[in-house]
Every structure is written in C-alpha cells, then in structure tokens.
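Single-structure report; data block below.
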Amino acid sequence: MGFPTSVADDVLVRCGRHCCLCGKYVGQKIELHHIKQVADGGEDTADNCIPLCFDCHAEVKAYNPHHPKGRKFTEKELKGHRDKCYERYSLENRNSDSSTLNSEKTKSIFPPHENMSLIRWGYPEQDKLCPVFPGNIVLVAGCTGAKKSTYLYHIVNQNIISGHRVVYCCMKDKPFDVSIEIIGENAHVNVEYIKRGIVTEEDWEKLTSSQVNLNGENLALIPYNELSESNKILDIVENSGAEIVVIDDFNGVLLDDADSVERFLYKLKNIAAQSQTVVFVIYNLSIPKQRIDMRPMLRDFPSDSYYRLFDVIQLLYKPDLFFNDKDDKERLEVIIVKGALNVPYTIKLLAPDKITGVFSLAK
C-alpha cells in the first residue's frame, strides 16, 4: 500500500517537490519511498518516507545484498538526507536565512478569532461553484484596466461585513485610496470624485454612513514602504492573525537575489497552509499582441509556476477594453481556470463606470 494523502501532502510541501538525494525539482516525477520497507515492518508514516526522483528511487532500490557493489543507502543515511532537504525547503527555519536576520517578526495585528465562517466571494454563483478554503492561495490576473483591484475590493468588503479580518498589502495604491474604494462600494458613489475633492454633501454622508457599518476595525492597510522585502509579506501571512491577506499586486513584490518566483510561491503556499490564511494575489498581465480572442490565457504568464502552485486561478477580462460593443459595455468576465470544478468556466459581472464596485448581473 502507498502513503495516505495526508502524509503525501505533508512531505511534498516540506521538500517543495525536490528530490531529497540529488536536490532537483522534479514536479510530478517524484516517488515516495519507504525508508524501511513495509515487508520488513515499515509503516506508511512521514517518518518512514523520503521523496525521491525516479532516478534516485531506482538507485536506492538497485542494491543487491547477494552481489554487493558499492555501499547501500542505510535507513539512517536516508533520513539524514531527507531532513537536510526538509530544512532547506521547509519554512520552519526560514528566519535563519541571512536575508531575514535583520527583519523584525511581525506582531499580531488582530487577536485570536475562532469559529469563523468560510471566506466569501460575495457573488452567489461563485460562492456555490468556486469555494475558498482556509489556507488556499488565490490568483486574480488580467491586463491593465480589467478591474482586478475593484473586484478584490468587493471581496474584501463582503468578508469584512461577515466579520473576517483582512490585511491589505498596498503595493501600488495609497492605503487611503484603497480604504475609500472598499467603503465606496456600499455607498454607491463614484470614489474618483472623492479622491479629486469633488464630492457633494450627500455623497460624503453616504460614505461616512457606510464606513460606520463596515466593521472598519477588521481591515488593516499596509503601505508599500513597509513591504520592501518579500519576507515581510510572508511574516504578515504567518503572524498577523488575519483570515485574509491581499497582495495588490504581485508585480510590485521585491524578491531577494537568491530567491525566485517559484521558491517564493512555495514559501507562500506553505505558510498559508500552516496559518490557515487565505491569500489573494493580484497579478498584472501584459496586454497580449493582437489575436482573435483577447481574453487572458495561461500561456501569458512567464512560467507554469503560477498554474501549478495556486489553488484557485481567475482571469479577468473586460471586453470593452478591446472592442466597441454596446452589449458588452460595463461587462466583466471572470474566467475560472482552476478551482473546485475540473473544467474552466466563465461568470459575467457588472462593472459600471459611474459608481464604484463590481456587482452580480441582475437576473
């Protein structure tokens, strides 16, 4: 029998799908080897498991005690290689890295909170078909103008009202502007006027009334100057006490020289799973060269790490950015390419120009 799924998930996250002998990243081409064989009394436990690539797995199994050549891998040696690999890729020792020695650990922003409900999208169809579970990392991507941030403001708005605590990492916008956008949706006003100082007394009253009803104490806004290191974001996910962390947007994250997008995402996935924090990541795609269908595609990402490592992926597309069609005016398509269902599907929403927000289409 093989290892149970819970053990497999644990060891694969800890090694980052790297072979514990040769150190190569091998993705799906990995075997979970019993250090002590089941026939000899070995158990299907994490302690008796070592992840190996196909070549190293064959090497470990190839030793023939009846015709000994070279030295076989002992149980103690295999565990030593495995633990060294775990130490390298596991986040349990992340703070020992030279890049984080001078960083202060983030203090908890929110007090402990128990018995929370599931995270909501705030759109009935998505809440039903694309559930988000504690520890998921969610990617929302699209080109400039696709209302990615506005879409996330709605999700944040709905979850704050539900009592969830949110930390919003403001990589590109001022915290004040982000807060006005989140509050403005409930007020049904155009916040661009407020940002410019052009606001009526009636609209301002709507905005202040909405702020009182929004449970504003559940929202923490972190400015870009406090997020200069990628490890600071990881600290926030791990230690803030929030149920939701938003990174807006990932293009502004400064990675360490020794880091890579793939390794950062492995760290993020691991910490989110351990802290049971849902992380929403916004990513800005370049506008594709002219093609018949201008919707964003997975091939528009610079690597396949994004598809492999995110639990949920949604691509946003606003038709009127490319085509002048009255039927598609103010429409926003949410293309869910990875989630609970095994096939991609599209949800259409309303993204009006005159008021702030992204809303469900009226039935």
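The values are calculated or read from the model by the stated rules, or taken from the named source; none is laboratory data. These numbers come from a predicted model, not from an experiment. Counting neighbours? That spans all protein chains shown, and the Cβs are built from the backbone with ideal geometry, glycine included.
Points worth noting:
- Condition check for residue 245: among the β-branched types (Val, Ile, Thr), within 21 Å of residue 23 (Cα to Cα) and assigned by TED's automatic domain parsing to the domain that holds residue 337: no
- Filtered by the rule that a residue be part of a loop (DSSP other than H, G, I, E, B), modelled with pLDDT of 90 or more and either more than 22 Å from residue 347 (Cα to Cα) or among the hydroxyl-bearing types (Ser, Thr, Tyr) (or both), the stretch 282-302 gives 286, 302.
- In the set 337, 279, 312, only one residue is of a type in the set (A, V, I, L, M, F, W, C), at pLDDT 90 or above and under 26 Å from residue 223 (Cβ atoms); that residue is 279.
Here's the yes/no breakdown for (1) modelled with pLDDT of 80 or more; (2) touching a helix residue (DSSP H, G or I) at 6+ places or on another chain (Cβ under 7 Å); (3) closer than 24 Å to residue 13 by Cβ:
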residue	(1), (2), (3)
28	yes, no, yes
47	yes, no, yes
62	no, no, no
73	no, yes, yes
88	no, no, yes
99	no, yes, yes
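- Reported count of residues in the stretch 316-355, each being over 21 Å from the mean Cα position of the chain (by Cα) and part of a loop (DSSP other than H, G, I, E, B), is 12.
- If you go through the stretch 268-302 and keep only what is under 19 Å from residue 248 (Cβ atoms) and within 12 Å of the chain's Cα centre (by Cα), you end up with 268, 269, 271, 272, 277, 278, 279, 280, 281, 282, 283.
- Residue in the stretch 2-12 that is assigned to a loop (DSSP other than H, G, I, E, B) and within 19 Å of residue 309 (Cβ to Cβ) present: no
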